[in-house]
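Notes for the one structure printed next.
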Amino acid sequence: MAKKGKEFIFADNVNASYGAFFGLNLKDLAGLVPSFLLSLLVLAVPPYTVLFMGIKLFLFFFINVAAIAIKVSRPVKYRNNITLQQYLTFKKGYQNRQKRYYIRPVRKAGEAE
């Protein structure tokens, strides 16, 4: 069967979003807001001694750096449009789906042919 018109081929790594910060779009940046608010809450909780402020500053930076690292990381080398969250979702979906398919229906015990 002959095709009419031109055939368009799109690359696998096309991403339509505009990278505003570290290649993240505004939706991804909005996803960082809860972790930033959590880290601010950690800083606001007393006591305010030098030792505890040092520990709280470490937690502040650790929470924010970890959240940004999770959002920025791209686990598939040649597919820059797949994020770590999408990759883990794909992997979990693959583990939970049926992997054995039968040509004929499987008969249950006691069924007549």
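The values are calculated or read from the model by the stated rules, or taken from the named source; none is laboratory data. Given the structure is predicted, the values throughout are model-derived calculations rather than measurements. Don't worry about glycine lacking a Cβ; one is built from the backbone with ideal geometry, like all the others, and counts go over all protein chains shown. The area values use the complete protein model at the heavy-atom level, side chains included, leaving out ligands, DNA and RNA. Shrake-Rupley method; radii C 1.70, N 1.55, O 1.52, S 1.80 Å.
Numbers below:
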{"item": "Accessible area of the chain belonging to carbon and sulfur atoms, whole % at 1.4 Å probe", "result": "65"}
{"item": "Residue with peak Gaussian network fluctuation, the chain [Cα springs, cutoff 10 Å], from A11, A67, A30", "result": "A11"}
{"item": "Cα centroid separation, the range 58-77 to the range 81-113 (Å)", "result": "32"}
{"item": "Residues with amide H under 5 Å from that of N25, placed H, sequence gap 5 or more", "result": "A20"}
{"item": "Separation in nanometres of the label points that stand 7 Å from Cα toward Cβ, at A44 and Y94", "result": "4.3"}
{"item": "Mean accessible surface per residue for the range 26-96, computed with a 1.4 Å probe while every protein chain stays in place, in Å²", "result": "75"}
{"item": "Inverse mean reciprocal Cα-Cα distance (Kirkwood Rh) of the range 26-96, Å", "result": "14.1"}
